[in-house]
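The values are calculated or read from the model by the stated rules, or taken from the named source; none is laboratory data. The model shown is predicted, which means the values in this text are computed figures rather than measured ones. Note: ideal-geometry Cβ built from the backbone for every residue, glycine included; neighbour counts use all protein chains shown.
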């Protein structure tokens, strides 16, 4: 239970950076919504890996390379799913990027990230 709570705090911190990057890139017209959301996911992913490894899952310090490679696999899946869902919500349905981004983040946090981080990436 402790790791779940810490993982959610870690995810919350990463989410703040993810959203900040997404809004900054979209508001300044640097990138369109789906691409800005994907870039935000990349920023959040780096922060999330670091916090999860050191704090949430108390991961084996000798397994850094293995964990990083596994995290990269899970993260690539997350980014691909995120981009696809953002594209559908924003570009196909024409919904505003912020609610779509929040919904996609919540869905992937529950159905993808936590399960794979706990049982695959940071498992002993």
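The conditions are (1) assigned to a helix (DSSP H, G or I); (2) buried (at least 16 other Cβ atoms within 10 Å of the Cβ); (3) without any contact (Cβ under 8 Å) to a residue 12 or more places away in the chain, and residue 111 fails exactly one of them. Which is it?
Just one mismatch for residue 111, condition (2).
Which residue, of 19, 85, is buried (at least 16 other Cβ atoms within 10 Å of the Cβ) and under 13 Å from the mean Cα position of the chain (by Cα)?
19
Suppose the filter is exposed (fewer than 15 other Cβ atoms within 10 Å of the Cβ), closer than 18 Å to residue 116 by Cα and free of Cβ contacts under 8 Å to residues at least 60 places away in the same chain; does residue 77 pass it?
yes
When the residues of segment 93-106 are narrowed to those that are modelled with pLDDT of 90 or more and surrounded by 14 or more Cβ atoms within 10 Å (Cβ to Cβ), which ends up nearest to residue 69 (Cα to Cα)?
Among them, the one singled out is 104.
Can you tell me which residue in segment 54-67 is farthest from residue 117 (Cα to Cα), limited to those that are at pLDDT below 90 and touching a helix residue (DSSP H, G or I) at 6+ places or on another chain (Cβ under 7 Å)?
Only one residue fits best here, namely 55.
Can you tell me which of (1) over 11 Å from the mean Cα position of the chain (by Cα); (2) under 24 Å from residue 8 (Cβ atoms); (3) crowded, with 17+ Cβ neighbours inside 10 Å; (4) without any contact (Cβ under 8 Å) to a residue 40 or more places away in the chain is the one residue 51 doesn't meet?
That leaves (4) as the condition not met.
Quick check: is even one residue across segment 60-72 within 18 Å of residue 12 (Cβ to Cβ), surrounded by fewer than 15 Cβ atoms within 10 Å (Cβ to Cβ) and without any contact (Cβ under 8 Å) to a residue 40 or more places away in the chain?
Checked segment 60-72: no residue is within 18 Å of residue 12 (Cβ to Cβ), surrounded by fewer than 15 Cβ atoms within 10 Å (Cβ to Cβ) and without any contact (Cβ under 8 Å) to a residue 40 or more places away in the chain.
Exactly one condition in (1) surrounded by 14 or more Cβ atoms within 10 Å (Cβ to Cβ); (2) more than 25 Å from residue 120 (Cβ to Cβ); (3) touching a helix residue (DSSP H, G or I) at 6+ places or on another chain (Cβ under 8 Å) is false for residue 45; which is it?
The failed condition is (2).
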